[in-house]
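Below: one structure, written as structure tokens.
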Amino acid sequence: MPDPTAPGAHPALTTLSEEEGMFREAVQDFAQSEMTPRITSMDRAQALDPELIPQLFELGLMGIEIPEEYGGTASTFFTSILVVEELSRVDPAVAVLVDVQNTLCVNAVLRWGSDEIKEVFLPRLAADTVGAYALSEAGSGSDAFALACKATREGDNWVLDGQKLFITNGNEAGIFIVFANADPAAGYKGITAFVVEKGTAGFTVGKKEDKLGIRASSTTELVFENVLVPDRNVLGEVGKGYKVAIETLNEGRIGIGAQMVGLAQGALDHTVRYVQEREQFGRTIGSFQGVQFQIAQMAVDVEAARLMVYNAARLKDEGKDFVYPAAMAKLFSSQVAQRVSSTAVDLFGGYGFTREYPVEKLYRDAKIGSIYEGTSNMQLQTIAKMLLK
Ligand SMILES: Cc1cc2nc3c(=O)[nH]c(=O)nc-3n(C[C@H](O)[C@H](O)[C@H](O)COP(=O)(O)OP(=O)(O)OC[C@H]3O[C@@H](n4cnc5c(N)ncnc54)[C@H](O)[C@@H]3O)c2cc1C
């Protein structure tokens, strides 16, 4: 077969290169054998099984775009998207750990890190250290640049003060990308990104949220009290942190799109199996045309969302504009995940409403897709702004 990725070739969006196909298979095997048995217990315990995390590193899933010289997998953004999709098909709570690592933390360090930052942090992110991305605060969510966290210059250091809220991987991370304002009088032009290590004096991980969905993923507060961060840990330029945030989140939200596509595919997989087993009126419920049409609609929704996500990811890898399709992909996939997981619960009937069957968890997990990395209203705002400018 001709190489579908050769220049000039126009493969279908869903045609995978050999490397992409191998990644997908490896992740599917891992998700089935290692994640499936742990889904329910991790959801109940509201914690990831610590045994899973080293396995994610061993499989090369935590440094997908990190070059080989730093110990990474040296693959593409699209591969990260595929990995997040396949993990989410089984457990979106595990997937978000991998998503934040690759599409936000590693991405930001690769793009904005000085040579020194790359040399110090990329090998750790590839080998054994989880990353977190800390922008949101109690008073700063959709209005992401209304940060109260402050950075004050002190000799060769910066002193961070303030609190972050809702930070994914807060309990597992060793490396945190933290946004603070170094010049509040300059408004968003004071925002600066810093790399902060766990264990730095004055930095503590606060309360963990008790959530509706993705319960195994930790979402925590971070507290900074007189935290000394060396100047060399500034990511990008002082006062340009708003660019770091906007641009990494533009890419990151394709990952959330992939999480939602995987989740919806998982809900569809469970439902296709169930309707062919469950009998009512002396026949399987899947033999009723009404049910068949619901299943067909779920499949169409999932496929449409997947194509949008893949297109945005492939545009990003090609260095083309992707912000508009990425906002659409994130918005639509989160709508699809909610719709498809809801129909899945309907088709499982009363059993779907219980914790004994997997679709109840996916229905709860789906809700976060329309909230984090920009709410649905924020995606609509981006889309409208680009249409009407
Ligand atoms: C589980 C979880 C994990 C998270 N992980 C991270 C993380 O790792 N790092 C991080 O930095 N943050 C993280 N967040 C924070 C997340 O990105 C924010 O919660 C999100 O951006 C929304 O902000 P908010 O909660 O302050 O809601 P608000 O901004 O208060 O929004 C509330 C409602 O008002 C609407 N709204 C607000 N402004 C407008 C407007 N101008 N026009 C129309 N509608 C508007 C919103 O769409 C929403 O419906 C996480 C949150 C959760 C719940």
List, in the order given, every pair from Lys207/Lys330; Lys208/Lys367; Lys211/Lys385; Lys211/Lys320; Lys150/Lys320; Lys189/Lys367 whose Cα-Cα distance in the structure shown is over 30 Å.
Lys211/Lys385; Lys211/Lys320; Lys150/Lys320; Lys189/Lys367
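If R0 is 22 Å, what FRET efficiency do you get for Lys243 and Ser114 from their C-beta distance, rounded to 0.05? List each step's numbers first, then the result.
Details: r = 15 Å, r/R0 = 0.70.
Step by step, r from the Cβ atoms, then E = 0.90.
Taking a 1.4 Å probe, which of Leu315, Leu307 shows the most accessible area, and what order do the others take after it?
Working: Leu315 35, Leu307 65 Å².
Descending accessible area places them as Leu307, Leu315.
Give me the net charge for the shell around Trp158: Cβ to Cβ below 11 angstrom, other residues only, Lys and Arg +1, Asp and Glu -1.
On the way: positive: Lys150, Arg153, Arg232; negative: Glu154, Asp156, Asp161, Asp231.
Local charge sum for Trp158: -1.
Provide the convex hull volume over Cα atoms per residue for region 196-355, in Å³. Let's see the in-between values first.
On the way: hull volume 22.8 nm³, N = 160.
For region 196-355, the hull spanned by Cα atoms encloses 142 Å³ per residue.
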Using label points projected 7 Å from each Cα along Cα→Cβ, tell me how many nm separate Glu19 and Thr36, to one decimal.
2.9 nm
Based on the alpha-carbon gyration tensor of region 88-145 and its eigenvalue square roots a ≥ b ≥ c, which shape applies: rounded if a/c is under 1.5, prolate if not and a/b is larger than b/c, or oblate?
oblate
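Could you tell me which of rounded, prolate or oblate describes region 144-257, using a ≥ b ≥ c as the square roots of the eigenvalues of the alpha-carbon gyration tensor, with rounded for a/c under 1.5 and, failing that, prolate when a/b is larger than b/c and oblate otherwise? Could the numbers behind the result be given before it?
On the way: a/c = 1.92, a/b = 1.31, b/c = 1.46.
In terms of gyration-tensor shape, oblate.
Using unit Cβ charges (K, R positive; D, E negative) and no other charged atoms, how large, in debye to the nearest 20, is the dipole of region 1-124 about its Cα centre?
Details: 7 positive and 21 negative charges, 78 e Å.
That gives region 1-124 a dipole magnitude of about 380 debye.
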Alpha carbon Rg of region 48-104, scaled by the compact-globule rule 2.2 N^0.38 Å
1.05
With every protein chain left in place and a probe of 1.4 Å, what is the accessible surface of Tyr242, to the nearest 10 Å²?
40 Å²
A correct Kirkwood calculation over the Cα atoms of region 276-389 returns a hydrodynamic radius in Å of 15.9 Å
Mind giving me the nanometre distance, one decimal, between the label points for Met386 and Val300, set 7 Å out from Cα along Cα→Cβ?
2.5 nm
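If you build the Cα gyration tensor of region 200-258 and take the root of 5 times each eigenvalue, what three semi-axes come out, in whole angstrom, biggest first?
Details: eigenvalues 125, 97, 11 Å².
That gives 25, 22, 7 Å for the three semi-axes.
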Using C-alpha positions alone, give me the convex hull volume of the chain per residue in cubic angstrom.
147 Å³
Can you give me the accessible area per residue for the chain, using a 1.4 Å probe, in Å²?
44 Å²
Evaluate E = 1/(1 + (r/R0)^6) for Gln280 and Glu356, where r is the Cβ-Cβ distance and R0 equals 22 Å; express this FRET efficiency to the nearest 0.05.
0.75
Residue-level accessible surface for Asp161, protein heavy atoms, 1.4 Å, Å²:
50 Å²
Residues with beta-carbon under 12 Å from that of Glu172, excluding Glu172: net charge, scoring Lys, Arg +1 and Asp, Glu -1?
0
Show log10 I(q)/I(0) for region 302-356 at q = 0.14, 0.15, 0.27 Å⁻¹, two decimals, from a solvent-free Debye sum over equal Cα scatterers.
-0.48, -0.52, -0.95
Peptides 129-135, 194-200: what's the order by average Cβ count within 10 Å, highest mean first?
129-135, 194-200
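Could you tell me the convex hull volume per residue, in Å³, taken over the Cα atoms of region 1-116? Write down the numbers at each step before the final one.
Details: hull volume 14.7 nm³, N = 116.
Here the figure is 126 Å³ per residue.
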Long-range amide H partners of Leu222 with built H, under 5 Å
Lys164, Leu165, Gly206
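When the helices in the chain are scored as -39500 (n - 2.57) per DSSP H run of 4 or longer and the sum is shared across all residues, what 222 nm value do you end up with, to the nearest 500 deg cm²/dmol? Could the numbers behind the result be given before it?
Details: 12 runs with 179 residues, N = 389.
It comes out at -15000 deg cm²/dmol, rounded to the nearest 500.
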Summed over the other residues with a beta carbon less than 12 angstrom from that of Ala74, with K and R at +1 and D and E at -1, the charge totals -4
Among Leu87, Ser333, Val229, whose Cα projects farthest towards the positive end of the dipole of the chain, with charges put on the beta-carbon of Lys, Arg (+1) and Asp, Glu (-1)?
Ser333
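The values are calculated or read from the model by the stated rules, or taken from the named source; none is laboratory data. Fair warning: this is a prediction, and the values are worked out from it, not measured in the lab. Glycine gets a Cβ as well: all are built from the backbone with ideal geometry, and neighbour counts include every protein chain shown. Ligands, DNA and RNA are excluded from the accessible area calculation, which covers all protein heavy atoms including side chains. Shrake-Rupley method; radii C 1.70, N 1.55, O 1.52, S 1.80 Å.
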